[in-house]
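Engineer: Can you keep this structure in mind? I'll have questions shortly.
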Amino acid sequence: MNILILGSGGREHALAWAVKQNPKCDRLIAAPGNAGMADVAECAALDIMDGAAVVEFAAAQSVDFVIIGPEAPLAAGVADALRAAGILCFGPSAAAAQLEASKAFTKEICDACGAPTAGYARFSDASEARDYMRNQGAPIVIKADGLAAGKGVVVAMELDEALAAVDDMLGGGFGEAGAEVVIEEFLEGEEASFFILSDGAHVLPVGTAQDHKRAFDGDAGPNTGGMGAYSPAPVMDASVTQRALSEIVQPTIDEMARRGTPFQGVLFAGFMIKDGAPKLVEYNVRFGDPETQVLMMRLGAQALDLMLACAQGRLDRAQVNWADDHALTVVMAAKGYPGKYAKGTPIGGLDGLAEDSAHMVFHAGTKMAGEQLVANGGRVLNITARGASLSEARERAYAMIKGVEWEDGFYRSDIGWRAL
Ligand code: AMP
Ligand code: GLY
């Protein structure tokens, strides 16, 4: 098969690495890709937000299967354009991508199917929102309705902070994404992520993970896109997993199908778990980054078979072959991230690192400047390892980091602490 992966981050490098190992993959193209993906795929310049351009490129290159990495092209209808052209594709329609693109939509779905989630109210008027929050009191959570690149959520421990967040969002600070806000009850508990493939009717869990959102050790510093992750998540034991599937995930899939907008792709569910009961915090409609790096490390080549079964509507006959393993990834980011940081700083030492089924360096934001590998983003490398236990995976990942020569990078030294 000829396979095209859309995206350019560590998530897409991990997907490409897994897919490339499967003998079904004859030719792998990544658009736009990055310097690390160039080792496993041909990288092609392509505007991945333009459905017509993606269809034209896929047809010209005789692509049999397209895997869409990020949420933006999904919300923009790139999967719809591919399916309309008869090209097999992994990723939901724009209508089903509303589960990530609109927080209010997800709340409506939860109401309709009875899935447990935080209590909420929706506002487009700031003074009504302020009255509501004064009544509810803090802590309270304010969310911009639309896609805000991970920045549209404020967990306010004090009322003043909550009032300021609403003024900012409804005052245009988030553009269209903030024209409406969802104000939610604050949930206590432990968070975990759950990844479930769905072909529109059936569901197949493909792993759990926990990430580390804060920039610095001890969960200090500003929020980031994620500084590291590990899989599996111990809090997602068999009973919590079963409840999450039967009370939240399957009812969501059924409700989407009932509305005539079936969900095909990967559902990335964030839960808050307290006393063994999961509540939905949010859905994403694509794999997580950096969670995918640990999921792919564990799934390996079978990831392609699973995504194909998903796209072809035969997930009921698919199964995951689990090795009783653990994986952990440490993000190396440019100093200054998530604030201002320099691009173009040189990175060395990677050639000396083992790359095998237990050790991988996934590239998140790199490029070649002549012969030199340089940083080209905030999150730059994902040092990823697998082991028989979480502590073995962690030791391996941190041992690899010692070999990376990058003056201008930083990383957290405590990834996995909660589970260890
Ligand atoms: P989201 O983008 O919806 O995942 O929110 C980002 C983060 O905010 C989540 O990972 C949680 O840590 C936190 N969060 C979101 N909603 C709530 C809530 N209702 N209660 C407590 N924390 C929340
Ligand atoms: N790591 C969180 C995300 O991919 O949204």
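The values are calculated or read from the model by the stated rules, or taken from the named source; none is laboratory data. Everything numeric here is computed off the predicted structure, so don't read it as measured data. All Cβ positions, glycine included, derive from the backbone under ideal geometry; neighbour counts span all protein chains shown. Surface accessibility is based on the protein's heavy atoms, side chains included, excluding ligands, DNA and RNA. Shrake-Rupley method; radii C 1.70, N 1.55, O 1.52, S 1.80 Å.
Engineer: Can you tell me the accessible area per residue over region 310-420, all protein chains present, probe 1.4 angstrom, in square angstrom?
Structural biologist: Heavy-atom SASA per residue in region 310-420 reads 49 Å².
Engineer: Could you report region 107-204's accessible area per residue, 1.4 Å probe, as an integer in Å²?
Structural biologist: Result: 45 Å² per residue.
Engineer: Long-range amide H contacts for Arg412: which residues qualify at under 5 Å (H placed 1.01 Å from N, peptide plane, sequence gap of 5 or more or a different chain)?
Structural biologist: Val331
Engineer: For region 161-210, with all protein chains present and a 1.4 Å probe, just round the carbon and sulfur fraction of the accessible area to a whole percent.
Structural biologist: 47
Engineer: Also: Convex hull volume of the Cα atoms in the chain, per residue, in Å³?
Structural biologist: Spread over its residues, the Cα hull of the chain gives 136 Å³ apiece.
Engineer: Give or take rounding to whole Å, what are the principal axis extents of the alpha carbon atoms in region 217-294, in descending order?
Structural biologist: Each principal axis gives a Cα extent; for region 217-294 these are 45, 27, 21 Å.
Engineer: On the full set of protein chains, 1.4 Å probe, figure out the accessible area of Ser413 and give it in Å² to the nearest 10.
Structural biologist: Accessible area, nearest 10 Å²: 60 Å².
Engineer: Between Ala201 and Glu395, what FRET efficiency follows from the Cβ-Cβ distance if R0 is 25 Å, with the result rounded to 0.05?
Structural biologist: Efficiency, from the Cβ-Cβ distance: 0.05.
Engineer: Under the Kirkwood approximation for Rh and a Cα-based Rg, what ratio Rg/Rh is obtained for region 1-51?
Structural biologist: Rounded to two decimals, Rg/Rh equals 0.94.
Engineer: Cα centroids of region 148-201 and region 363-383: how far apart, whole angstrom?
Structural biologist: For region 148-201 versus region 363-383, the Cα centre distance is 30 Å.
Engineer: Loop only by DSSP, 13 or fewer other Cβ within 10 Å of the Cβ. Give me the chymotrypsin sites (Phe, Trp or Tyr not before Pro) in region 322-420 that pass, ordered by residue number.
Structural biologist: Trp322
Engineer: A follow-up question, please. Tell me, Kirkwood radius of region 66-125 from alpha-carbon pair distances, in Å?
Structural biologist: 12.9
Engineer: Using amide H atoms built 1.01 Å from N in the peptide plane, name the residues 5+ places from Thr117, or on other chains, whose amide H lies under 5 Å from its own.
Structural biologist: Here the answer is Leu280, since their amide H atoms fall under 5 Å of that of Thr117.
Engineer: Once the cut-off is 11 Å, how many percent of the Cα-Cα pairs in region 107-146 end up in the long-distance tail?
Structural biologist: Roughly 69 percent, once rounded to a whole number.
Engineer: Percent of Cα-Cα pairs more than 15 Å apart in region 259-299, please.
Structural biologist: 58
Engineer: For Asp26 and Trp322, compute 0.36 nm times the residue count separating them, minus their Cα-Cα distance, and round to one decimal in nm.
Structural biologist: 104.1 nm
Engineer: Does a label point 7 Å from the Cα of Asp351, set along Cα-to-beta-carbon, have any residues of region 15-47 with amide nitrogen under 19 Å, and which are they?
Structural biologist: Counting only backbone N, you get 35-40.
Engineer: Further, regarding this structure: May I ask you to order 69-78, 29-38, 182-191, 311-320 by the average number of other C-beta atoms within 10 Å around their residues, highest value first?
Structural biologist: 29-38, 69-78, 182-191, 311-320
Engineer: Please state, to two decimals, what the Cα-based radius of gyration of region 142-288 comes to when divided by 2.2 N^0.38 Å (N = residues).
Structural biologist: 1.12
Engineer: What Kirkwood hydrodynamic radius, in Å, does region 1-156 give when the mean of 1/r is taken over all pairs of distinct Cα atoms and then inverted?
Structural biologist: 17.7
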